[in-house]
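Just below is one structure, and these are the notes that go with it.
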Amino acid sequence: MKKQPHQERTFVILKPDTVQRSLMGEIIRRFEQTGLKCCSMKMFVPDEERLIEHYNKTEEWFQKKGANVVNDLMAQGLPITKEPVEYGRDIIRTIVKYMTAGPVVAMVWEGNQAVNVVMKIVGTTEPSTSDVGTIRGDYTIDSYGHASFENRAVRNLVHCSDAVSEAEREIAIWFSEEDLMKYTTAQERIMYDVNIDGRKE
């Protein structure tokens, strides 16, 4: 059966820094108050194998991101010690190290334009340049340059899917179909019911 627009799903991970800084409730509240519905949630320490599958990066991605790292190092007057593609691979290596450092909370959210809504709430990947009002803009000040200098992943609190197809792929890695709850909230009825039936006495 074809899904309705308000049944679009997206995938979110609250990263170890969110858990360690006790920001889980605050971030979940932001998603809930937009009208998105949580379909599943679980806490665990992710394994390296599934993280590699999850991040699923190409050689082009490694080259492009590595070139950005090289530019950041040059701007700081720091030495360039390897090829850009290796700096790109280091990004995933450091992310895996970061993501396996402690528990995370993985979630599936559902609602109209769920992918874009969550991306807007979370903000751009680099916290120091993310807009005020976003999760990353409001709750952390890390930057690519600082992370590169310390040879670690950017601590940006949240991972979220950036496309519907990517959300579906990521959800399937971390959740079984049985994990995903199918239910209707009162909030959905008031948001999506065309006639708002039965709301007056």
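Worth a mention:
- Count - residues of region 16-51 that are in contact with a strand residue (DSSP E or B) (Cβ under 8 Å, 6 or more places away or on another chain), in a helix (DSSP H, G or I) and under 14 Å from TYR98 (Cα atoms): 3
- Single residue of region 129-149 satisfying the filter (hydrophobic (A, V, I, L, M, F, W, C) and either in contact with a Gly (Cβ under 7 Å, 6 or more places away or on another chain) or more than 20 Å from VAL96 (Cβ to Cβ) (or both)) that is surrounded by the most Cβ atoms within 10 Å (Cβ to Cβ): ILE135
- Within region 67-95, being basic (Lys, Arg) and either assigned to a helix (DSSP H, G or I) or under 25 Å from the mean Cα position of the chain (by Cα) (or both) holds for ARG89, ARG93.
- Near pairs, Cβ below 9 angstrom, 6+ apart or cross-chain, from region 78-90 (without any contact (Cβ under 8 Å) to a residue 40 or more places away in the chain) to any residue that is surrounded by fewer than 18 Cβ atoms within 10 Å (Cβ to Cβ) and of a type in the set (Lys, Arg): PRO84/LYS64; GLY88/LYS57; GLY88/LYS64; ARG89/LYS57
- In region 176-201, the residues that are aliphatic (A, V, I, L, M) reach residues that are modelled with pLDDT of 90 or more and surrounded by 11 or more Cβ atoms within 10 Å (Cβ to Cβ) with C-beta atoms within less than 7 angstrom, at least six apart or across chains, in these pairs: LEU180/CYS39; LEU180/SER40; LEU180/VAL108; MET181/CYS39; MET181/SER40; MET191/GLY35.
- Residues satisfying the criterion are absent from region 96-107 (criterion: of a type outside the set (Gly, Ala, Ser), surrounded by 15 or more Cβ atoms within 10 Å (Cβ to Cβ) and more than 16 Å from the chain's Cα centre (by Cα)).
- Residue check for ASP138: over 15 Å from LYS15 (Cα atoms), free of Cβ contacts under 8 Å to residues at least 12 places away in the same chain and either aliphatic (A, V, I, L, M) or part of a helix (DSSP H, G or I) (or both): yes
- Note on region 147-197: residues that are modelled with pLDDT of 95 or more, among the small types (Gly, Ala, Ser) and not in a loop (DSSP other than H, G, I, E, B) amount to 3.
- Positions within region 118-133 being touching a helix residue (DSSP H, G or I) at 6+ places or on another chain (Cβ under 6 Å) and of a type in the set (Val, Ile, Thr), in sequence order: ILE121, VAL122
- Answer residue from region 150-163, given it is surrounded by fewer than 20 Cβ atoms within 10 Å (Cβ to Cβ), in contact (Cβ under 8 Å) with a residue 40 or more places away in the chain and over 13 Å from the mean Cα position of the chain (by Cα) and is farthest from THR10 (Cα to Cα) among those: ASN151
The values are calculated or read from the model by the stated rules, or taken from the named source; none is laboratory data. Remember, it's a predicted structure, so these values are computed and weren't measured experimentally. Cβ coordinates were reconstructed from backbone atoms using ideal geometry, including for glycine residues, and neighbour counts include every protein chain displayed.
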